[in-house]
Amino acid sequence: MRNASGHYFFNGNYRIDYPRTFNIAGTKFHYERPEHRIQAPQSITAKGPTTEGVYLVVSSPRKPQKGPNLKTKYLNLPPNVLDPVPRPGPAG
């Protein structure tokens, strides 16, 4: 996972990180995979919102038997959805 300028937050530049929680783009990303099994299924979750764009970079073997199996789920809310609800002023 990286940002727009190419900075890898984890699992980048030929490095595999251990599963843990990362503070990225203003939120916590939870990275999970079975320990000591690099080819095992991995999971990345975050509740957001993020303060910058993040990019999920996927690599595969040079001669893959089949394409990567990816399952994604995300929600992109308009900015005003997260704004506080205005309260009515005092009756006057």
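The values are calculated or read from the model by the stated rules, or taken from the named source; none is laboratory data. The model shown is predicted, which means the values in this text are computed figures rather than measured ones. Please note: Cβ atoms are built from the backbone with ideal geometry, for glycine as well, and neighbour counts cover all protein chains shown.
In the range 8-54, what residues are out of contact with any strand residue (DSSP E or B) (no Cβ under 7 Å at 6 or more places or on another chain), more than 21 Å from residue 71 (Cβ to Cβ) and charged (D, E, K, R)?
Scanning the range 8-54 gives 15, 35, 52.
Test residue 55 against the criterion of being at pLDDT 85 or above and either surrounded by 11 or more Cβ atoms within 10 Å (Cβ to Cβ) or in contact with a Phe, Trp or Tyr (Cβ under 6 Å, 6 or more places away or on another chain) (or both), and give yes or no. Show your work before the answer.
Numbers: at pLDDT 85 or above: yes; either surrounded by 11 or more Cβ atoms within 10 Å (Cβ to Cβ) or in contact with a Phe, Trp or Tyr (Cβ under 6 Å, 6 or more places away or on another chain) (or both): yes.
Yes.
Which of (1) of a type in the set (A, V, I, L, M); (2) touching a residue at least 12 places away in the same chain (Cβ under 8 Å); (3) more than 24 Å from residue 75 (Cβ to Cβ) does residue 58 not meet, given it meets every other one?
(3)
I'm trying to understand the selection: among the residues of the range 4-31, which are surrounded by 14 or more Cβ atoms within 10 Å (Cβ to Cβ), part of a strand (DSSP E or B) and of a type outside the set (A, V, I, L, M)?
8, 22, 27, 29, 31
Of the residues 84, 90, 41, only one is modelled with pLDDT under 85 and surrounded by 10 or more Cβ atoms within 10 Å (Cβ to Cβ); which?
Numbers: 84 fails: surrounded by 10 or more Cβ atoms within 10 Å (Cβ to Cβ); 90 fails: surrounded by 10 or more Cβ atoms within 10 Å (Cβ to Cβ).
Criteria check complete, one pass: 41.
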